[in-house]
1. State whether region 202-290 is rounded, prolate or oblate according to the following rule on the C-alpha gyration tensor (a ≥ b ≥ c being the square roots of its eigenvalues): a/c under 1.5 gives rounded; otherwise a/b larger than b/c gives prolate, and the remaining case gives oblate.
2. Grab the Cα-Cα distance for A310 and W78, subtract it from 0.36 nm times how many residues apart they are, and report the gain in nm with one decimal.
3. Per residue of region 369-374, what does 6.51 cos²θ - 1.76 cosθ + 1.60 with θ = phi - 60° give for ³J(HN,Hα)? Whole Hz please, x for Gly and Pro, Karplus curve as stated.
4. Going by Cα centres, region 215-248 and region 291-350 are how many Å apart?
5. Pairing the Cα long axis of helix 95-124 with the longest principal axis of the chain, what angle in degrees results, from 0 to 90 and rounded to the nearest 10?
6. For region 310-326, what does the Karplus curve 6.51 cos²θ - 1.76 cosθ + 1.60, with θ = phi - 60°, yield as ³J(HN,Hα) per residue in whole Hz, taken in order and with x for Gly and Pro?
7. What fraction of the DSSP beta bridges in the chain is antiparallel, stated in percent and rounded to the nearest 5?
8. Whenever you get a sec, compute what percent of the accessible area on the chain sits on carbon and sulfur atoms (1.4 Å probe).
Amino acid sequence: MKSISNKLASLLLMAGAWVGTAAQAVQDLPGGPAVNQLNLAPPVTRIAEEQQFLHWMMLIICTVIFIAVFAVMFYSIWKHRKSRGAKPANFHESVTVEVIWTIVPFIIVILMALPATKVLVAQKDTTNADLTIKVTGYQWKWGYDYITGEGQGLAYIATLDSSHRRMSDSGNVANAPADYLLKVDNPLVVPVGKKVRVITTANDVIHSFMVPAFGIKQDAIPGFVRDTWFRADKVGDYYGQCAELCGKEHAYMPIHVKVVSAADYTQWVAGEKKKAAAKADDPNKVWTLQDILPRGEKVYAANCAACHQANGKGAGPIKPLDGSAIVKSDDHTQQIHTVLKGAANGAMPSWAQLSDTDLAAVVSYTKNAWSNKTGQIVQPSEILAQRGK
Ligand SMILES: [Cu+2]
């Protein structure tokens, strides 16, 4: 008995300490969640503003009606109680009362439905967009493709910052920054004051693209295309998350939208285009081990370490890559095939969306990391040759 209560006490103490350190560390994140936030996110688009107006208007109307109805009810019960000698009136089918209690709620509902419908229709109106961006949900990251507008042709993937992931795994979040688990490597960049149409779809399971400050939340469904739009009124950083439970890393696919001035946007597009041109991976380029390994290490940290672990040892059903016969084999086909197609019914996902060079880099890296030291290199051309096989 004693030991149980001791254990309970120490558990409570631990919980207290945990809450204590957490409370001390968290800070507001402008454009993202705030500490003890109760209201909706501060709106940055006209639609989000109107949604908040609707929310508060309806809440207030409902509260007033609630208080009025219950006040009359409780007052009547109390005032006309039997002990005070109240005599029940005996009447039925009062036309006046029935007309009033039909007409009044009807008017109230219409008064609420009119502005709500207006906002709903505006929300769905994705015509006349200044630029269109396709957003693809992957387990567990977001792909952004600039379809029209200045940035046309830009395409990249946004993944959670790997240091945040490590912090989460370790459980040591005492020094977590304000953008904890919301920081990504490549935020979505859009110009201020422009109508941005967002087309959503997904590659594996249903995800949902949500940015509260913009008042948008749109499911991203494999095999379907949905759309939504926003026009951000203020330059700044805004955050959201995948809003559809999509698997075990659901909590680790944040959204970071950077709203910048028109001039900054033009500059960013030019910079990205230059970078893309420089990076445009020639699948026929022949790499040296020395050049390809650092790139492979990065690809591994961003995509593979969440499951196979930084030390390559895997965990449970996730097979280790350190010492794996497939990884060490002189015959590269089976390893390339596993990485391109996935294995175990998707428990090991397909990585076909990565470039030939990135895949060659990560395969070469795993062939040489930890105790694998095979000295083998896989060139992008080998990956290309296996695609579609
Ligand atoms: Cu998701």
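1. On the way: a/c = 2.30, a/b = 1.26, b/c = 1.83.
Here region 202-290 falls in the oblate category.
2. Values: separation 232, 0.36 × 232 = 83.52 nm, distance 6.98 nm.
In short, 76.5 nm is gained.
3. Each residue's phi maps through the Karplus curve to give 7, 6, 8, 6, 3, 7 Hz.
4. 30
5. 20
6. Once rounded to whole Hz, the list reads 4, 8, x, 8, x, 6, x, x, 7, 5, x, 9, 5, x, 5, 5, 4.
7. Working: 31 of 43 bridges.
Bridges in the chain that DSSP calls antiparallel: roughly 70 percent.
8. Numbers: 14410 of 22930 Å².
That share works out to 63 percent.
The values are calculated or read from the model by the stated rules, or taken from the named source; none is laboratory data. Just so we're clear, the structure is a prediction, and the values are computed from it rather than from any experiment. Neighbour counts run over all protein chains shown; Cβ positions are idealised from the backbone, glycine included. Side chains are part of the model used for accessible areas, which takes the heavy atoms of the whole protein and leaves out ligands, DNA and RNA. Shrake-Rupley method; radii C 1.70, N 1.55, O 1.52, S 1.80 Å.
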